[in-house]
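Below is one structure, written out as structure tokens; comments come after it.
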Amino acid sequence: MTAQFPAVLPTYNRIPLAFRRGEGAWLIEENGARYLDFTSGIAVNALGHAHPALVQALSEQANALWHVSNLYEIPAQAKLADALVEHTFADTAFFTNSGTEAAELAIKMVRKYWFEKAANRPTILTFEGAFHGRSTGAIAAAGSEKMTKGFGPLMPGFKVLPWGDHDALRAALDDTVAAVMIEPVQGEGGIRLLPDQCLKGLRELCNQTGALLVLDEVQCGMGRTGRLFAHEWAGVTPDIMMVAKGIGGGFPLGAVLATANAASGMTAGTHGSTYGGNPLACAVGGKVVEIITADGFLDGVRHKAGFLRQRLEALVSAHPDIFEAVRGTGLMLGLKCRCPNLDLVKAAQAQFLLTVPAADNVVRLLPPLTITEDEISEAVARLDLAASSLS
Ligand SMILES: *Cc1c(COP(=O)(O)O)cnc(C)c1O
């Protein structure tokens, strides 16, 4: 034991708050202080904290069976896969425990696809500002200095393009490109929305060259934008998609969804996971998917999103010294700040409102999809006080 070194590896800059309970959109400290949670565990607690139906699904499964190996049939996993196939472009799903693991499989699936075709297509195109996780593959994919420095040699096979540069994309997307991997809405990158037209254009370019389109919907998926998946707004579909965060509602669960064609190389023995898709995770994930896809749920999200957006636009107009603009879509919104974004996060925290910083001097607002209009009004009132405290 070295006294100076923290028992928890000090890779996080933690905020000195420790919550003991969660109730819907609220997090509660030991001393009873209540914080309005516009982070949702970074888009994880999509249905808020301690949603009764999720608590029930988890408890029932915990009483029956926690874990069995993927050596055996897992009915809850098959049921969740069926639900995802029914509601999306996908023909098939593989379950992971995180977004990073989903990114790893997406990369492997792309490589295996071209290997089976005996084609030499070594490059996956990615975009500056991207975030796909923290594994060696995922940091190489995103390529930013911040994530890769000191961790070389980096995994080869990625080419990082500037965000929004159509000419650079067209020039790079030749027949050595295996796939294009992109977030329809960049989360960590600062709530940067890929316009529907651009996603459509990207789909067409991929069709022309045969490159697979891989969408990372780990943060923007599972109802966050008001559709089950963000790409639905553009009316196009990917070949492969990474999902995580919201799908488990707080239980570690991720997935790779794919078309039969894109997944065709992934035969028995080519990939696996000990925990991926275990009964506990799939019991919860199944309930999350059931709730989000129930009649009217996403209509409600879109309605509330419109209300929040309108209120935020008014907030930005009222504090032009603090805010530059509102960004994003659905309940994945960002306030582009003129003050340092961390100052606003701290000022909001002083008003018992939790928000998340992102790159590009943005403060992210990621309320649970179950947020009420009253809670939205309360949050905007608190942001107003926070902004006034900084002026
Ligand atoms: C969070 C995130 C990941 C990584 O997910 P983990 O569960 O943290 O491994 C990947 N891609 C995007 C877009 C994310 O927001």
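The values are calculated or read from the model by the stated rules, or taken from the named source; none is laboratory data. Bear in mind that the values here come from a model prediction, so they are computed numbers and not experimental data. Methodologically, a virtual Cβ is constructed for each residue, glycine included, from the backbone with ideal geometry; neighbour enumeration extends over all protein chains shown.
Just for segment 268-296: of the residues that are in a helix (DSSP H, G or I) and in contact with a strand residue (DSSP E or B) (Cβ under 6 Å, 6 or more places away or on another chain), which one is farthest from V380 (Cα to Cα)? Lay out the reasoning, then the answer.
Restricting attention to segment 268-296, the residues satisfying the condition of being in a helix (DSSP H, G or I) are 279-292.
When the remaining residues are screened for being in contact with a strand residue (DSSP E or B) (Cβ under 6 Å, 6 or more places away or on another chain), the result is 281, 284, 288.
On the way: A281: 34, V284: 31, V288: 27 Å.
The residue in question is A281.
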All but one of (1) among the small types (G, A, S); (2) at negative phi; (3) at pLDDT 95 or above hold for A3, so report the exception by its number.
(3)
Scan segment 369-391 for residues that are over 22 Å from P340 (Cα atoms) and touching a strand residue (DSSP E or B) at 6+ places or on another chain (Cβ under 7 Å) and jot them down.
T370, E375, E378
Given the residues N63, N70, which is the only one that is farther than 15 Å from F95 by Cβ and modelled with pLDDT of 95 or more?
N63
Within segment 38-65, can you find the residues that are at negative phi, small (G, A, S) and outside any helix (DSSP H, G or I)?
A46
Of the conditions (1) out of contact with any strand residue (DSSP E or B) (no Cβ under 7 Å at 6 or more places or on another chain); (2) more than 30 Å from E73 (Cβ to Cβ), the single one that F251 does not satisfy is (2)
In this structure, does D299 turn out to be charged (D, E, K, R) and outside any helix (DSSP H, G or I)?
no
Would you check if R121 is in contact with a strand residue (DSSP E or B) (Cβ under 9 Å, 6 or more places away or on another chain), of a type outside the set (G, A, S) and either buried (at least 21 other Cβ atoms within 10 Å of the Cβ) or closer than 26 Å to W233 by Cα (or both)?
yes
Output the residue which, of all residues in segment 355-369 that are surrounded by fewer than 23 Cβ atoms within 10 Å (Cβ to Cβ) and in contact (Cβ under 8 Å) with a residue 40 or more places away in the chain, is nearest to F38 (Cα to Cα).
V356
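Yes or no, residue by residue, for (1) assigned by TED's automatic domain parsing to the domain that holds L366; (2) more than 29 Å from G201 (Cβ to Cβ):
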residue	(1), (2)
G226	no, no
V236	no, no
D239	no, no
G246	no, no
G249	no, yes
A281	no, yes
E313	yes, no
S317	yes, yes
Between a residue in segment 123-152 that is farther than 20 Å from G190 by Cα and without any contact (Cβ under 8 Å) to a residue 60 or more places away in the chain and any residue that is within 11 Å of the ligand (Cβ to nearest atom) and part of a helix (DSSP H, G or I), which pairs come within a Cβ distance under 6 Å, given they are 6 or more apart or on different chains?
S135/T100; S135/E104; G137/E104
Could you list, in sequence order, all residues of segment 77-108 that are surrounded by 20 or more Cβ atoms within 10 Å (Cβ to Cβ) and either more than 20 Å from the chain's Cα centre (by Cα) or at positive phi (or both)?
Q77
Please count how many residues of segment 62-98 are within 16 Å of the ligand (Cβ to nearest atom) and charged (D, E, K, R).
0
Here the residues within segment 169-198 that are away from the ligand (no atom under 15 Å from the Cβ) and over 18 Å from Y113 (Cα atoms) are L169, R170, A171, A172, P195, D196, Q197, C198
Can you name the condition, by its number, that E101 falls short on among (1) of a type in the set (D, E, K, R); (2) part of a loop (DSSP other than H, G, I, E, B); (3) within 15 Å of the ligand (Cβ to nearest atom)?
(2)
Return the residues of segment 269-290 that are under 18 Å from the mean Cα position of the chain (by Cα) and surrounded by fewer than 17 Cβ atoms within 10 Å (Cβ to Cβ); say none if nothing qualifies.
none
Which condition number in (1) within 16 Å of the ligand (Cβ to nearest atom); (2) of a type in the set (G, A, S); (3) closer than 30 Å to R302 by Cβ; (4) surrounded by fewer than 19 Cβ atoms within 10 Å (Cβ to Cβ) is the one that G164 fails?
(1)
